[in-house]
Amino acid sequence: MSQHDVAKVIEIVGSSTDGWAEPADAAVRVASKSIKHITGVQVGAMTAQVQDGKIHTYKTTVKIAFGVDA
């Protein structure tokens, strides 16, 4: 865990109109603005909103792990 003996895990949801990978990437990008020492991500549920018979918005739930300073 490189310099951290303890990690914290939070769960957040990213969304995008551009497919399944983009919401996970967006979630990490936004979280990294306020969370230091992100060490990993676990992708959970992938859901979508449908409008007029087509997927309109993709959503991905991710768990983000980060080191906690002592």
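The values are calculated or read from the model by the stated rules, or taken from the named source; none is laboratory data. Keep in mind the model is a prediction, meaning the values are calculated, not measured. Because the Cβ atoms are built from the backbone with ideal geometry, glycine has one as well, and the counts that use them run over all protein chains shown.
A few comments on the model shown:
- Any hit, the range 5-17, residues being at pLDDT below 90 and in a strand (DSSP E or B): yes
- Just one of (1) within 15 Å of the chain's Cα centre (by Cα); (2) part of a strand (DSSP E or B) fails for VAL50. It is (1).
- Some residue of the range 50-67 being free of Cβ contacts under 8 Å to residues at least 40 places away in the same chain and of a type in the set (S, T, N, Q): yes
- In the range 17-45, the residues that are exposed (fewer than 14 other Cβ atoms within 10 Å of the Cβ) and touching a Lys or Arg at 6+ places or on another chain (Cβ under 7 Å): GLN42, GLY44
- Within the range 22-39, being part of a helix (DSSP H, G or I) and touching a residue at least 24 places away in the same chain (Cβ under 8 Å) holds for GLU22, PRO23, ALA24, ALA27, VAL28, ALA31.
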